[in-house]
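Some notes on the structure that comes next.
FYI, it's all coordinate maths here, none of it is from the lab. Quick caveat, the model's predicted, so the values are computed rather than measured. Cβ sites come from the backbone with ideal geometry, for glycine too, and all protein chains shown count toward neighbours.
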Amino acid sequence: MSTNHTLLVELGTEELPPKALKTLSTSFADGLASELKKLGFEFSEHVAYGAPRRLAVALNDCVRKQADKLVEKRGPAVSVAFDENGDPTKAALGWARGNGIDISQAERLKTDKGEWLLHKAQVAGQSLDTQLQKALENTIKQLPIPKAMRWGSTTTEFIRPVHTLCVMYGDEVLNVELLGLKAENQLSGHRFHGDHRFTLSHADNYESSLRDQYVIVNYVKRAKAIEEQLIVQAKELNLTPDYNQALLEEISSLVEWPVVLKADFEDAFLQVPKEALIYTMKDDQKYVPLLDDDGNLASSFLFVSNIQSKDPSQVINGNQKVIRPRLSDAKFFFETDKKTPLESKAEKLSSILFQKDLGTVAEKSARVSQIVGLIGLAVQANNQDVDDAKRAAKLAKADLVSNMVMEFPSVQGVMGYHYALHDGENTAVAVAIKEQYLPKFAGDTLPQSTAGMLVSLAEKLDTLVGIFGINKLPKGDKDPFALRRSAIGVLRIFIAFNLNISLTQLINDVVDLFGSKLSNKETASQVTSFLIDRLKPFYADASNLEQENAKAISADIVSAVLASNASVSLSDINQRVLAVAEFASTESAESLVNANKRVANILSKNNVSTQHEQAINKTLLSESAEQALFKEFETLQGSINQQIKDSDYKGVLSQLSNLKESLDTFFDEVMIMADDESVKQNRIALVSTIRNQFLAVADISLLNI
């Protein structure tokens, strides 16, 4: 009885691109696991490994041989396999010969479509030794490598040159070749602390052997070790490390043996806005800034070294020497930029093209200021807020020509805020400049000020309308102008600020501002549809909803609201969605949804439009169940109509839920399709009128309950 062992495959490479390492590691491991599963090789689990100079995967308890299997090989139909004398035809003989049997050994397969010859063959499972080669080749082909490299004199290509190939099953090296290398049991240790090459004794010892060579090869464990060291060191300083998951992963992709150290820079650099200093520390140097309890930047920072130095002070001094010129540049740019006001910088925007068909950045800024006015008027915003937003819109892009933003692009908007304050602009104007790009990504914070909201919304609408207007619509996964992200930002702002205005009218007004620049005659309708189409993914992501403990809302709830012919006010749509989501979780929901579906079918079969309301004749209500339903509905109708006027959609559905028992009894005891046409039409009018009250909120017949 054979024992299963761990299958280990490692590609030893030169330094892999840090931003791609995690994805490559996962893809390599998942890809090989998938290929082997398709071939019928079972294993208990697969573990992905990834470090700056290696990609690896271990498949635990992997079988050495596929299971034997019974294969049924169907032959020709019996009707053509034998002639009129019962002798086998050439077709039958050829099929038997191909299967290595005599025709007399063939079995029969009977189906409702006829009878065929059949041979059941026992096929022996193949060995991992013969099947792994192809599985590895397929895995390499499917890796997400945007641009491959060649090295040496060979035609072999990979994301980086490959120097070692280790393929082991237990303690045995398997005979495979990949990327011009023959498999061995050789690995590379840490570039400075480990051996250039060492022998791996067993696949199970892979992770521990590399740890002895100063390599933490498990990506997750390495990132965790870095994070733990950052937290411990920062806590000792009574400071907080400023990093996110992306920075942590990038640092983890740069080191094999992480050692966190503290370094310092001169306090004089803290006169520069912290955002610029943080940008250069994080993005350029992959350092971790430290903040105090008030969020102020400290003059100390943490960095992750790839060596366990006997004299850490040398490593610290080296990193301090590296950061000083970058901080000096930032200080110089800031001091230089302050010499000219934002207003004069804004004048230079007329020479910078936003998009060739849409004009310059200066023209865009002027349009955004006009759009601010449109939104402000529609939402009846405070005049001062609108004036501040218009001023901010005119200055919002001015920092694009500043030295600081040209050197550190990600601080645009933020630097405009600091320059505006330096110039003596209103604080509200400065804040709106900073908030113009919010939200930048899913889950990002929204503008907090009214002026900031107006500028941010106007900026996004200008981009959406402009790009759609020149027919540069997103296609597939291509969205060079990030219009989908802008659309989600528009939805979040509309809903979070409860802007109960007509989206259609606003977009039409924005289209008019572009004049003859737009060539797409369907711009307004396409932009509106684009935004409405984003509502389902918007509600599917709970991070878009500002309520505490918000939960994702299913697509059928959004569909139900959109099908109710509601006005295109995103705030109104949101109130309906939240009301229907709450209603869908109630005990009476299922019964009422089924009742609405039943009524919808009846109306459809009788060609009755929900737009047509027929008066209910009380004298024709003969059955006690229909009389009770009408009486209860009549009692509720007045308050329901008022709730609809007040947009109290939760109240409407709550009131209508009181009809559950009456509706259930009505459908159980009353025959709607009565022989008497006037009675039939009166009953249809009754259920249609009740359904119309539901439709004032949503078409709940579309709910999946």
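With R₀ fixed at 35 Å, the C-beta to C-beta distance from LYS65 to THR156 puts the FRET efficiency at about 0.70.
What's the tally of Lys pairs in segment 69-123 whose alpha-carbon atoms lie under 19 angstrom apart, where the two lysines are 8 or more places apart or on different chains?
Working: LYS69/LYS120; LYS73/LYS90; LYS73/LYS110; LYS73/LYS113; LYS73/LYS120; LYS110/LYS120.
Lysine pairs, 8 or more places apart or on different chains, close enough: 6.
Would segment 575-702 count as rounded, prolate or oblate if I go by the C-alpha gyration tensor, calling it rounded below 1.5 in a/c and otherwise prolate when a/b exceeds b/c, oblate otherwise? Prolate, since a/c reaches 1.5 and a/b exceeds b/c. Under the simplified labelling scheme, the VAL232-ILE352 pair shows an inter-label distance of 4.6 nm, with each label point 7 Å from Cα along Cα→Cβ. Over segment 220-337, all Cα pairs binned in 10 Å intervals from 0 give whole-percent P(r) values of 13, 47, 32, 7, 0, listed from short to long.
Let me have the relative contact order for segment 575-702, percent, based on Cα pairs under 8 Å that are six or more residues apart.
46
Residue by residue, segment 459-473 carries 3J(HN,Hα) couplings of 4, 5, 5, 4, 5, 4, 5, x, 5, 5, x, 10, 6, 9, 5 Hz when phi is fed to the Karplus relation 6.51 cos²θ - 1.76 cosθ + 1.60 (θ = phi - 60°); x denotes Gly or Pro.
Over the chain, what is the relative contact order in whole percent, taking alpha-carbon pairs under 8 Å and six or more residues apart?
On the way: 1134 pairs, mean separation 52.3, N = 705.
Averaging sequence separation for qualifying contacts and normalising by length gives 7 percent for the chain.
Stretched out straight at 0.36 nm per residue, the stretch from SER313 to GLU107 would grow longer than its current Cα-Cα span by 65.9 nm. Here the alpha carbons of segment 1-65 define both size measures, Rg and Dmax, at 12.8, 45 Å. For segment 352-365, putting each phi into the Karplus relation 6.51 cos²θ - 1.76 cosθ + 1.60 with θ = phi - 60° gives couplings of 10, 7, 7, 7, 4, 8, 10, x, 8, 5, 5, 5, 4, 4 Hz, in residue order, rounded to whole numbers and with x for Gly and Pro.
Here, P(r) means the percent of Cα pairs in each 5 Å bin from 0 to the largest distance; for segment 347-552 it is 1, 8, 15, 20, 21, 17, 11, 5, 1, 0. A simple spin-label model places pseudo-atoms 7 Å from Cα toward Cβ; at HIS422 and GLU634 they are separated by 7.6 nm. Compared with the direct C-alpha span, the chain from ASN606 to THR619 gains 2.4 nm at full extension, assuming 0.36 nm per residue. Taking amide H as placed 1.01 Å from N in the peptide plane, THR360 has its amide H under 5 Å from the amide H of PHE354, each at least 5 places away in sequence or on another chain. Between the C-alpha center of segment 78-151 and that of segment 656-674 there is a gap of 61 Å.
Residue-wise HN-Hα couplings along segment 221-237, as the Karplus relation 6.51 cos²θ - 1.76 cosθ + 1.60 with θ = phi - 60° gives them from phi, are 5, 5, 4, 5, 5, 5, 4, 4, 5, 4, 5, 4, 5, 5, 4, 4, 9 Hz; Gly and Pro carry x.
The amide H of GLU14, built 1.01 Å from its N in the peptide plane, has HIS163 as neighbours under 5 Å, considering only residues 5 or more places off or on other chains.
Go ahead and run the numbers for FRET between ASP267 and ASP533, Cβ-Cβ distance against an R0 of 56 Å, rounding to 0.05.
The pair ASP267/ASP533 has a calculated efficiency of 0.60.
Distances between placed amide hydrogens fall under 5 Å for LYS65 paired with LEU128, all partners being 5 or more residues away or on another chain. Taking 7 Å steps out from each Cα toward its Cβ at ASN498 and HIS193 produces label points 5.8 nm apart. Each Cα pair under 8 Å and six or more residues apart adds its separation to the average, and for segment 621-688 the resulting relative contact order is 43 percent. Looking at segment 246-287, the GluC sites (Glu not before Pro) that sit in a DSSP loop and have at most 16 other Cβ atoms within 10 Å of their own Cβ are GLU266. Here the translational diffusion coefficient of the chain follows from Stokes-Einstein with Rh set to the Kirkwood radius across Cα pairs; for 37 °C and 0.692 mPa s it amounts to 102 µm²/s.
The length gained on full extension between ALA91 and LEU39, counted as 0.36 nm times the residue separation minus their Cα-Cα distance, comes to 15.5 nm.
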